[in-house]
């Protein structure tokens, strides 16, 4: 196995982000089987002694479903209303699923101003550390009910990278609807090749990034590259992998060549 991949076996504090498209069916409704599997795997990792933080999208999608809307709202106030309804429902579902495995979870809602303000950032870090010390898995989302342009992260890829930075994580895993970063869009070009390891985010790498792939979500490869720049810039490794196979999490942490690994800048070459 590759030296860099083997290093992932020793990561202890891990942020895992899952997007809306990975939590829902094409109908827009929640995939409870996928959510239960995620709860089981993250609890199992916690039982191994790893410290886990979950950054979960899906609140607006759940709100849309609960409010019987036909599509994502087009106004800020309706989006925030859907988020308010959906966040409560989403957390209730997570509590039930994690509870089946005797795992305590906690909800943390953030806006960008919290992590940008030194005192608030420190308080946030202390809260995370206290929860992790007690064996709790924090479940994080942007506080969409109050976020406006000046204080919003805009997407949960960016949020997860900033959370990883705040808590000094060892690794960030982005669970996506694609296997990783390809030379071009594999859905359009059968000759696309997967990048296994990215040592530097060059302009060429950034140019490869595309737009959002889901009508319900806000992320895309572009936001994942931006997240990689944040995480890797603070020395945190990041992996993009396909959420269709959640067992990939185990494989990644076992040093296997799964997904695309972006190396943190503090890692020296062999």
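Scan the range 194-209 for residues that are in contact with a helix residue (DSSP H, G or I) (Cβ under 7 Å, 6 or more places away or on another chain) and modelled with pLDDT of 90 or more and jot them down.
The answer is 197, 198.
Based on this model, can you work out whether residue 265 counts as outside any loop (DSSP other than H, G, I, E, B), modelled with pLDDT under 95 and in contact with a helix residue (DSSP H, G or I) (Cβ under 6 Å, 6 or more places away or on another chain)?
It is false that residue 265 is outside any loop (DSSP other than H, G, I, E, B), modelled with pLDDT under 95 and in contact with a helix residue (DSSP H, G or I) (Cβ under 6 Å, 6 or more places away or on another chain).
Can you list the helices (runs of 4 or more DSSP H) lying wholly within the range 18-87 that have 2 or more residues being over 23 Å from residue 161 (Cα atoms) and in contact with a helix residue (DSSP H, G or I) (Cβ under 6 Å, 6 or more places away or on another chain)?
Correct list: 59-66.
Of all residues in the range 235-262, which are surrounded by fewer than 16 Cβ atoms within 10 Å (Cβ to Cβ) and closer than 17 Å to residue 199 by Cα?
235, 257
Can residue 63 be described as modelled with pLDDT under 95 and on the phi > 0 side of the Ramachandran plot?
Judged against the criteria, residue 63 is not a match.
Applying the selection to the range 74-90, what residues are closer than 20 Å to residue 32 by Cα and surrounded by fewer than 18 Cβ atoms within 10 Å (Cβ to Cβ)?
Selection gives 88, 89.
The values are calculated or read from the model by the stated rules, or taken from the named source; none is laboratory data. Nothing here was measured: the structure is a model prediction, and the numbers come from that model. Neighbour counts are summed over all protein chains in view; Cβ atoms, including those assigned to glycine, are modelled from backbone coordinates with ideal geometry.
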